[in-house]
Amino acid sequence: MKKLITLFVLFLGLGLANAQETKPTKDETVKYINDLYKKAFDSDKDVKIESVTLDGKILLITFASGRSFRRPIFKKESLKIVKRDNDNLFSIYYESDISELIWAIQTEEDAKRLKKALEHLIDILQNEKNADPFGD
């Protein structure tokens, strides 16, 4: 009986350890990016982010005005954080690209968190089977 209880406790502990190592899903990661970027974004008071969503492998940033920007987020390439001198805000770029992936981030800490979340999302997209019959 003691062996049975010991085995039960051991398996329960292993199950909890595996559950704690679970990384966020694609949807959870997109929601995290959406929530954090809305708080971290700094621009004119009239410019507000309405949502950050994923359209296939494209990050779609929509503003309250209705304007939106589409940014590819499937490149398996390093991201970098750049501090813009003119306004002391941070942007995230691909290493070899001159256009910002996301921009106008108020703090470096928020930029680091967003960068990690974007890298995690890119990893998920790289390992995901493409549901788009005409996409890459």
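The values are calculated or read from the model by the stated rules, or taken from the named source; none is laboratory data. Being a predicted model, the structure only gives us computed values, none of them experimental. Cβ: placed from backbone, ideal geometry, glycine included. Neighbour counts: every protein chain shown. Just so you know, the surface numbers come from the protein's heavy atoms only, side chains and all, with ligands and any DNA or RNA stripped out. Shrake-Rupley method; radii C 1.70, N 1.55, O 1.52, S 1.80 Å.
May I ask you to compute the full-extension gain from residue 50 to residue 78, defined as 0.36 nm times their residue separation minus their alpha-carbon distance, rounded to one decimal in nm? Present the calculation step by step, with values, prior to reporting the outcome.
Details: separation 28, 0.36 × 28 = 10.08 nm, distance 2.72 nm.
Gain in length upon complete extension: 7.4 nm.
Centre-to-centre separation between the Cα atoms of the stretch 97-114 and those of the stretch 44-85: 10 Å. Once all protein chains are placed together, residue 49 keeps about 20 Å² accessible to a 1.4 angstrom probe. Most tightly packed first, judged by the mean number of other beta-carbon atoms within 10 Å of their residues, the peptides 71-77, 124-130, 28-34 read 28-34, 71-77, 124-130.
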